[in-house]
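*Asks:* Encoded as structure tokens, here's the structure I'll be asking about.
Rule-based calculations on the coordinates, nothing more; no lab input. Note that the structure is a prediction, hence the values are computed from the model and not measured. With ideal geometry, Cβ positions are generated from the backbone for all residues, glycine too; neighbour counts draw on all protein chains shown.
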Amino acid sequence: MREFSEDYLSRTRQGMWDDSREALAPLELESRERILDVGCGTGELSRVLAAESEADVIGCDVDPRLLEAAGDHVPVVAGDAYQLPFPDDAFDLVVCQALLINLPEPAAAITEFARVSSDLVAAVEPNNAAVSVDSSVETEGDLERQARRAYLDGIETDVALGADARETFETAGLEVLETRQYDHVRTIEPPYDERSVVAARRKASGAGLADDRETMLSGELTESEYDELRSDWREMGRDVIDQMASREYEREECVPFFVTVGRVRS
Ligand SMILES: C[S@@+](CC[C@H](N)C(=O)[O-])C[C@H]1O[C@@H](n2cnc3c(N)ncnc32)[C@H](O)[C@@H]1O
């Protein structure tokens, strides 16, 4: 199982759902009574669900470190998406965000979601193969594309699942009601916050790429291709830092997420 740090989750979810929550409308949050957020991590989605509804929202995850952080926002229960520790029909909405892309058997998890839901099941999942980066450092977009391709190639689960989650729901026997797209756009521009400065330093030192080395090498990337990519990557990182020093650096990343909602057949 892939592990996620608290820092990674709060960094990659920064600003998510702050600009618009329209894509969450099919979840009918205002009329829900009991909501379960599976694979809640640090509770990034759980707190949005709690803000948008009067329901009891419960977060559930296998990772106790992340659950501790989520516990600051909603009540939490440790549990596995394939075998949830709840009786049948315990919730009227079971939802996950960026969980299915990390599971080897997403349809089995959705089947389990349907067991514990009396009404709706929803998934908010990205298409990580369609992420785009626009940067004032000319080489950044292309190098990020190369690194992402190599990383995704080394991962065994379907990281592009977001756009096709409908099929997963149908395999699990759900009636699909709707799919909506939400583009999560993260922008870096002056004045730079501490997090952006740390990210730039990690580019210049190659630390971020080194964290993913093993995954990249388990795909088609060779060691020498990795070394070459890392060297170009570090140079790009130094350019980012230079541009930051003169307040010229700007970067926009767009991750397309898809909200798929299904109804449990009675
Ligand atoms: C990419 S994170 C997403 C976290 C959160 N939903 C968010 O959007 O920020 C994936 C989460 O799924 C959890 N996870 C992975 N496999 C799981 C499983 N079998 N059952 C429950 N949680 C799982 C991980 O611990 C991690 O917290």
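*Asks:* Between residue 107 and residue 177, what FRET efficiency comes out of the Förster formula 1/(1 + (r/R0)^6) with R0 = 25 Å and r the beta carbon distance, rounded to 0.05?
*Replies:* The calculated FRET efficiency here is 0.90.
*Asks:* Shifting gears a bit: Excluding residue 256 itself, calculate the net charge of residues whose Cβ lies under 12 Å from the Cβ of residue 256, where each Lys or Arg counts +1 and each Asp or Glu counts -1.
*Replies:* Once all neighbours under 12 Å are counted, the net charge is -2.
*Asks:* Residue by residue through the range 14-25, what is 3J(HN,Hα) from phi via Karplus (6.51 cos²θ - 1.76 cosθ + 1.60, θ = phi - 60°)? Round to whole Hz and write x for glycine and proline.
*Replies:* Going residue by residue, I get 3, x, 5, 6, 7, 7, 7, 10, 4, 5, 8, 3 Hz, with x marking Gly and Pro.
*Asks:* Now, a different point. Please give the residues of the range 106-138, grouped as numeric ranges, whose backbone N is less than 18 Å from a label point set 7 Å along the Cα-to-Cβ vector of residue 250.
*Replies:* Answer for the range 106-138: 132-138.
*Asks:* What is the ratio of the Cα radius of gyration of the chain to 2.2 N^0.38 Å, where N is its residue count, to two decimals?
*Replies:* Working it through for the chain, the quotient is 1.05.
*Asks:* A further question follows. Cα convex hull of the range 17-81: how many Å³ per residue?
*Replies:* 79 Å³
*Asks:* What number in nm² do you get for the range 190-266 if you take the convex hull of its Cα atoms and divide its surface by four?
*Replies:* Its average projected convex-hull area is 8.6 nm².
*Asks:* For residue 154, what residues show an amide H to amide H distance below 5 Å, using hydrogens built from the backbone and excluding near sequence neighbours?
*Replies:* HN-HN under 5 Å from residue 154: 219.
*Asks:* Taking every eigenvalue of the Cα gyration tensor of the range 1-125, multiplying by 5 and rooting it, what semi-axes result, largest first, whole Å?
*Replies:* After diagonalising the Cα gyration tensor, the semi-axes are 19, 18, 14 Å.
*Asks:* Next up: Output ³J(HN,Hα) for the range 120-135: one whole-Hz value per residue in order, computed from phi by the Karplus curve 6.51 cos²θ - 1.76 cosθ + 1.60 with θ = phi - 60°, and x for Gly and Pro.
*Replies:* Once rounded to whole Hz, the list reads 10, 10, 9, 9, 10, 10, x, 9, 6, 7, 10, 5, 10, 10, 10, 9.
*Asks:* Something else about it: I need two numbers for the range 102-258: Rg to one decimal and Dmax as a whole number, Cα atoms only, in Å.
*Replies:* 18.7, 56
*Asks:* While we're looking at this one, here's another question. Calculate, for residue 224 and residue 83, the FRET efficiency according to 1/(1 + (r/R0)^6) with r their C-beta to C-beta distance and R0 45 Å; round to the nearest 0.05.
*Replies:* It comes out at approximately 0.55.
*Asks:* Okay, next question. Among DSSP beta bridges whose residues both lie in the range 5-83, state the antiparallel percentage, nearest 5.
*Replies:* Antiparallel bridges: around 10 percent, rounded to the nearest 5.
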